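To start, the structure under review is shown below, and the notes come after it.
The values are calculated or read from the model by the stated rules, or taken from the named source; none is laboratory data. No experiment lies behind these values; they were computed from the predicted model shown. FYI the Cβ positions are ideal-geometry reconstructions off the backbone, even for glycines, and counts take in every protein chain you see.
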């Protein structure tokens with residue numbers, strides 16, 4: 001049974017205020033209400049991301065929308081005359097067919113080392129394909145939002161003073177050497193850069209090569225925390241794309 005839209009709207013509004021306390025301005029919340037009601041996009045499932053004060057839809061969210069809309073199919077093909085494997089330059093064309101009789105909605109996506117995050121460097125072909133599919137899906141279902149995967153490599157965002165986390169006082173999570181514990185430091189990074197804790201845990205386990213983060217050694221966890229801090233500071237948009245790849249789409253209930 002499909003969940004009521006007003007229930008999804010309330011969940012999205014509540015989660016947005018918790019996850020992005022400094023960015024949940026009135027305009028953003030009004031836009032979120034519209035996205036919830038018209039498209040059924042869910043923050044909890046990773047369909048939407050607030051970045052630098054703007055909403056972005058994700059690849060996973062677009063695919064879930066297409067499934068709810070009973071999309072007939074998606075055709076993707078490389079535009080060979082614009083591709084150069086040696087230079088890691090790729091261009092794809094995607095066509096979305098909403099029904100068996102649809103003429104199709106076309107979208108193009110390109111990727112090369114200069115317009116992708118350093119976190120996905122070497123995967124330009126897959127990035128170009130994803131961007132093409134996203135553009136075609138956005139056209140097919142009338143979504144004016146840009147998708148987060150279509151963003152290029154961005155500079156580190158200006159820190160929002162309203163959401164800046166203070167360093168815990170002595171005796172609260174800081175050992176005798178004056179440095180915060182790994183767990184506390186990881187929590188600080190999640191809050192400071194407004195990251196999804198669940199996706200961070202999945203990314204950490206994959207980074208450490210373990211089933212769960214708890215099974216990883218201290219050295220591996222420390223390496224991940226340092227990597228996360230560096231990635232968030234240099235290219236938060238790219239990090240969000242990386243984290244979003246760990247979102248697990250849920251099966252629709254009959």
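The table for this structure:
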read-out: Which listed residue is modelled with pLDDT under 80, within 27 Å of residue 115 (Cβ to Cβ) and under 22 Å from the mean Cα position of the chain (by Cα), from 247, 233; value: 247
read-out: Residue within the range 112-121 that is at pLDDT 95 or above, buried (at least 17 other Cβ atoms within 10 Å of the Cβ) and not in a helix (DSSP H, G or I) present; value: no
read-out: Residues of the range 207-222 classified as exposed (fewer than 15 other Cβ atoms within 10 Å of the Cβ) and either within 29 Å of residue 48 (Cβ to Cβ) or without any contact (Cβ under 8 Å) to a residue 24 or more places away in the chain (or both), total; value: 7
read-out: Single match in 86, 100 (criterion: surrounded by fewer than 15 Cβ atoms within 10 Å (Cβ to Cβ), over 29 Å from residue 34 (Cβ atoms) and in contact (Cβ under 8 Å) with a residue 12 or more places away in the chain); value: 100
read-out: Residues satisfying the stated conditions in the range 108-125, i.e. under 23 Å from residue 95 (Cα atoms) and without any contact (Cβ under 8 Å) to a residue 12 or more places away in the chain; value: 123
read-out: Complete set of residues in the range 193-227 that are in a helix (DSSP H, G or I) and under 19 Å from residue 46 (Cα atoms); value: 197, 198, 199, 200, 201, 202, 203, 204, 205, 206
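Residue by residue, here is whether (1) part of a helix (DSSP H, G or I); (2) under 25 Å from residue 199 (Cβ atoms) holds:
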{"residue": "13", "(1), (2)": "yes, yes"}
{"residue": "18", "(1), (2)": "yes, yes"}
{"residue": "21", "(1), (2)": "no, yes"}
{"residue": "36", "(1), (2)": "yes, yes"}
{"residue": "45", "(1), (2)": "no, yes"}
{"residue": "50", "(1), (2)": "no, yes"}
{"residue": "56", "(1), (2)": "no, yes"}
{"residue": "77", "(1), (2)": "no, no"}
